Amino acid sequence: MLKVGIIGTTIWGITLAIILAEKGIKVALWARTEEEADALRNSGPDPDETPEITFPANVLITHEMEKALDEVKAVLLVVPSQSMRQNTGLIAGHLAKSMLVVSAAKGLEIGSGKRMSQVIAEEINPRFHSNICVISGPNLAREILCGRPAAMVAAAEDGAVARQVQRILSTPNLCVFTNTDVVGVELGGALKNIIALGAGIADGLGYGDNAKATFMTRGLTEITALGVALGANPLTFSGLAGLGDVVATCASPLSRNHYVGVELTKGRSVTEIVSTMSGVAEGVPTTLVARNLAHNLGLEMPITEKIYRVLYENADPREVAVEMIGGNVRHELSGKRWRLFSLFKRRKQPQNSR
């Protein structure tokens, strides 16, 4: 029987464990402590997070890394972005040559500004670098747990690796596409959380669907500009890891980042909001990292800058919300150090010679 190891008991980690086990795969779910593993074995998933959900019999829950990764075909790192380096260090000594290393985190590392695949690569033996893959897309865990249809993208520099991950993760209700643009898929998954924060602010202020649609579109253009500057294919941002994830996280009440945006309009501080949440709102640290990356590149990111002010400088969301939508009005594909216009502008057609 095929075996997969999952590092992390986040709701997304638990979701992947359950749907893979229901597919007939043997799953080892690694918990940080013996106490946490015992609680999950005895009581099952948190009923507030996953009501009426139980673990299938072929899910092994353990706090011992050696048991979690023994004879697995793939290890899925389903942990917050800021703990990715630490968790990768824990698995590094247990990797085997053919083992796939899959990141399911949607964030950027504070300090280094690096994507999760880059963090993983720095912590494991170089001979395993070709086995690294990332997954992203509009994947609201609670919907997937309920059996509702969804899709994602598996991206690896080696297309054969992405296809292996595709075969493992595909289920009747989860369609997995492949891509080789690792940079674009990772950045789309991480940066869309910034847009979700702003969409939550727009909803919290009662701005309506026109304003929200404008904000989502302008936000997507802005993060595409950063992605292109960092080497991504701009078309990736029109796919599942870009536009698809933007729509899901900006529209759904299940989105943690959207929730944070709404709560900010009620006068609560970001510290207070995140301290009461059961999961991580990746958009909060990602905004900081993206702003720093943009500054280092001399790249204009007005929406990210405004959200940064709300999160880290206590700016009033009511005062910056309109600026986020309508600031710097000009051609919609132009901005300082953006390279989007040249990618999309119409080329002059050569005249036919006579």
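The residues on offer are 241, 281, and the sole one that is assigned to a helix (DSSP H, G or I) and over 21 Å from residue 211 (Cα atoms) is 241.
Has region 222-234 got any residue that is of a type in the set (Val, Ile, Thr), in a loop (DSSP other than H, G, I, E, B) and outside the structural domain of residue 115 (by TED's automatic domain parsing)? No, every residue in region 222-234 fails to be of a type in the set (Val, Ile, Thr), in a loop (DSSP other than H, G, I, E, B) and outside the structural domain of residue 115 (by TED's automatic domain parsing).
Filter region 95-116 for residues that are among the aliphatic types (A, V, I, L, M), part of a loop (DSSP other than H, G, I, E, B) and touching a strand residue (DSSP E or B) at 6+ places or on another chain (Cβ under 8 Å) and give the result.
The initial filter retains those residues of region 95-116 that are among the aliphatic types (A, V, I, L, M), namely 95-96, 99-102, 104-105, 108, 110, 116.
Subset that is part of a loop (DSSP other than H, G, I, E, B): 95-96, 99, 104-105, 110.
Within region 95-116, 95, 99, 104, 105 qualify.
Among the residues of region 244-264, those that are in a helix (DSSP H, G or I), touching a residue at least 60 places away in the same chain (Cβ under 8 Å) and crowded, with 20+ Cβ neighbours inside 10 Å comprise 244, 245, 248, 249, 257, 258, 260, 261, 262, 263, 264.
Of the residues that make up region 117-135, is at least one polar (S, T, N, Q), surrounded by fewer than 20 Cβ atoms within 10 Å (Cβ to Cβ) and in a loop (DSSP other than H, G, I, E, B)? Yes; the residues of region 117-135 include at least one that is polar (S, T, N, Q), surrounded by fewer than 20 Cβ atoms within 10 Å (Cβ to Cβ) and in a loop (DSSP other than H, G, I, E, B). Meeting the requirement of 3 or more residues that are within 19 Å of residue 141 (Cβ to Cβ), the strands (runs of 3 or more DSSP E) wholly within region 1-63 are 3-7, 26-30. Anything in region 191-220 that is among the aliphatic types (A, V, I, L, M) and not in a loop (DSSP other than H, G, I, E, B)? List them, or say none. Answer for region 191-220, where residues must be among the aliphatic types (A, V, I, L, M) and not in a loop (DSSP other than H, G, I, E, B): 191, 194, 195, 196, 197, 199, 201, 202, 211, 213, 216, 220.
Of everything in region 275-287 that is of a type outside the set (D, E, K, R) and either surrounded by 18 or more Cβ atoms within 10 Å (Cβ to Cβ) or in contact with a Leu (Cβ under 7 Å, 6 or more places away or on another chain) (or both), the residue that is nearest to residue 304 (Cα to Cα) is 287.
Inclusion of residue 50 among residues that are exposed (fewer than 15 other Cβ atoms within 10 Å of the Cβ) and either closer than 21 Å to residue 280 by Cα or not assigned by TED's automatic domain parsing to the domain that holds residue 176 (or both) is not warranted. Restricting attention to region 136-168, the residues being without any contact (Cβ under 8 Å) to a residue 12 or more places away in the chain and either closer than 18 Å to residue 189 by Cα or assigned to a helix (DSSP H, G or I) (or both) number 2.
The values are calculated or read from the model by the stated rules, or taken from the named source; none is laboratory data. For clarity, every value in this text was computed on a predicted model and none was experimentally measured. Glycine gets a Cβ as well: all are built from the backbone with ideal geometry, and neighbour counts include every protein chain shown.
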